[in-house]
Amino acid sequence: MNVLVINAGSSSLKYQLMDPDTGAVSAKGLCERIGLDGKFTYKAGGKTVIDAQDVAMPTHREAIEAVLAALVNPEYGVIKSMDEIDAVGHRVLHGGMAFTESCLVDEACKEAIRKCIPLGPLHNPANLMGIEACEKVMPNKPQVAVFDTAFHMTMPAQAYTYAIPYEYYEKDEVRRYGFHGTSHRYIAGRALALLGRENNPEGTRIINCHLGNGSSLCAIKDGKCVDTTMGLGPLAGVPMGTRCGDIDATILEYLMGRYGYDIKEMLTILNKKSGVLGISGVSSDFRDLEAAAGEGNARAQLALDKFFYEVRKSIGAYAAAMGGVDAIVFTAGVGENGIGNRAKIMEGLEFLGAKIDPEKNNTRGVEAEISTDDSTVKIFVIPTNEELMIAKDTAALATK
Ligand code: AMP
């Protein structure tokens with residue numbers, strides 16, 4: 001079976017053609033600068049066949065057309081015709097309270113995604129454009145929407161409720177939603193398998209640290225999400241590459257008053273100029289920060305220390321929330337590759353029974369257990385695979 005996995009942004013579109021059973025990716029790539037000039041990249045057979053080529057893409061429709069043309073190209077394509085694509089799976093950012101799981105795209109599903117636009121104003125319109133472009137270019141092909149928020153919908157009310165007047169929850173659906181849900185769900189499945197508990201998740205307690213450019217932690221009890229660090233939007237939680245994470249709302253009023261910022265300018269600062277970039281003034285990339293800190297840059301070191309501290313604190317909080325922890329997992333760019341970062345985060349968590357093994361921790365980008373033999377908490381590195389989750393959901397719903 002072949003599933004085309006689409007992750008549409010406002011001016012970009014990532015794609016992968018994948019076998020949902022084996023996870024094998026036959027082709028993948030990226031359309032960039034949609035609505036501007038259009039650049040197309042296509043990789044197949046482990047090689048970059050087309051690298052940022054100029055292809056006119058006034059809308060997402062032309063981007064999808066370019067993807068399909070490459071996939072069926074007689075010279076470098078990986079399928080003979082579009083008939084070999086069985087279904088299309090879309091990553092959708094915000095499913096609000098409407099979606100607790102993935103859904104087959106129909107008019108009602110699209111309307112529900114549209115209704116969530118105020119909650120995901122940057123992403124949901126682009127996700128919808130991707131869906132509608134596929135409908136036009138591949139009518140009658142089953143399409144599935146997979147939501148970043150869906151895995152978190154099992155959170156109990158005490159975790160998702162904000163301590164503001166309750167009417168804002170009742171009338172306006174203001175609550176913690178959480179993101180990276182497809183990644184957290186994939187990791188939950190892999191971690192349970194590594195614990196030998198995939199068929200018996202009751203009683204298990206897993207903390208997943210998805211640490212990348214955007215970062216979130218998830219407390220997973222009995223295989224289900226019971227808490228996560230991101231909130232109504234993806235700005236909350238631990239500090240990130242450029243996002244501030246949790247801050248006191250008083251800061252907004254104070255800085256807006258002092259500098260005359262309007263709310264848009266203030267949010268740009270909190271989304272794009274904060275996090276480890278904001279503290280260090282150096283970079284949002286953890287490799288740059290490590291290099292700068294190594295050369296004695298104190299603010300780069302402070303940015304790293306702040307990040308480690310907040311992630312460590314969140315692990316402690318989730319261990320408390322679940323009454324203990326059986327496994328701590330590191331995933332995404334920093335989690336999968338940041339050997340020193342993982343060691344620093346785990347420093348001081350030995351009281352939980354979680355001990356990292358420096359030699360086993362010397363690993364990058366592959367699934368590995370990195371705890372000592374006498375650690376009562378397993379510590380794992382698990383590369384995430386959101387696309388595989390999307391492909392699997394798509395295959396399951398398309399063949400129902
Ligand atoms: P992601 O958003 O999951 O793609 O993660 C991207 C981030 O991973 C980058 O901003 C880097 O800071 C981080 N990263 C990638 N490779 C490494 C590495 N070898 N060591 C530390 N951080 C890394």
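Worth pointing out:
- Test: residue in segment 77-91 that is touching a Lys or Arg at 6+ places or on another chain (Cβ under 9 Å), part of a strand (DSSP E or B), among the basic types (K, R) and surrounded by 20 or more Cβ atoms within 10 Å (Cβ to Cβ): yes
- Reported count of residues in segment 105-130, each being assigned to a helix (DSSP H, G or I) and under 17 Å from the mean Cα position of the chain (by Cα), is 3.
- When N337 is tested against (1) in contact with a Lys or Arg (Cβ under 9 Å, 6 or more places away or on another chain); (2) within 15 Å of the ligand (Cβ to nearest atom); (3) open to solvent by less than 20 Å² (accessible area, probe 1.4 Å), exactly one condition is not met: (3).
- The residue list G324, G353, G296 contains one member that is without any contact (Cβ under 8 Å) to a residue 12 or more places away in the chain and away from the ligand (no atom under 15 Å from the Cβ), which is G296.
- Considering the conditions (1) open to solvent by 40 Å² or more (accessible area, probe 1.4 Å); (2) small (G, A, S); (3) within 24 Å of S280 (Cα to Cα), S215 is excluded by exactly one of them, (1).
- Selected residue (criterion: farthest from Y309 (Cα to Cα)) from residues of segment 357-400 that are open to solvent by 40 Å² or more (accessible area, probe 1.4 Å) and not in a loop (DSSP other than H, G, I, E, B): A396
- Spans of helices (runs of 4 or more DSSP H) in segment 150-253 with at least 2 residues farther than 29 Å from H90 by Cα: 167-172
- Pairing residues of segment 60-75 that are open to solvent by less than 60 Å² (accessible area, probe 1.4 Å) with residues that are part of a helix (DSSP H, G or I) and small (G, A, S), at Cβ distances under 6 Å and at least 6 apart in sequence or on separate chains, gives H60/G130; H60/A133; I64/A133.
- Failed criterion for I207 (all others in (1) within 16 Å of the ligand (Cβ to nearest atom); (2) open to solvent by less than 50 Å² (accessible area, probe 1.4 Å) hold): (1)
The values are calculated or read from the model by the stated rules, or taken from the named source; none is laboratory data. Only a predicted model underlies this, so the values are computations on that prediction, with no experimental measurement involved. All Cβ positions, glycine included, derive from the backbone under ideal geometry; neighbour counts span all protein chains shown. With ligands, DNA and RNA removed, areas are computed over all heavy atoms of the protein, side chains included. Shrake-Rupley method; radii C 1.70, N 1.55, O 1.52, S 1.80 Å.
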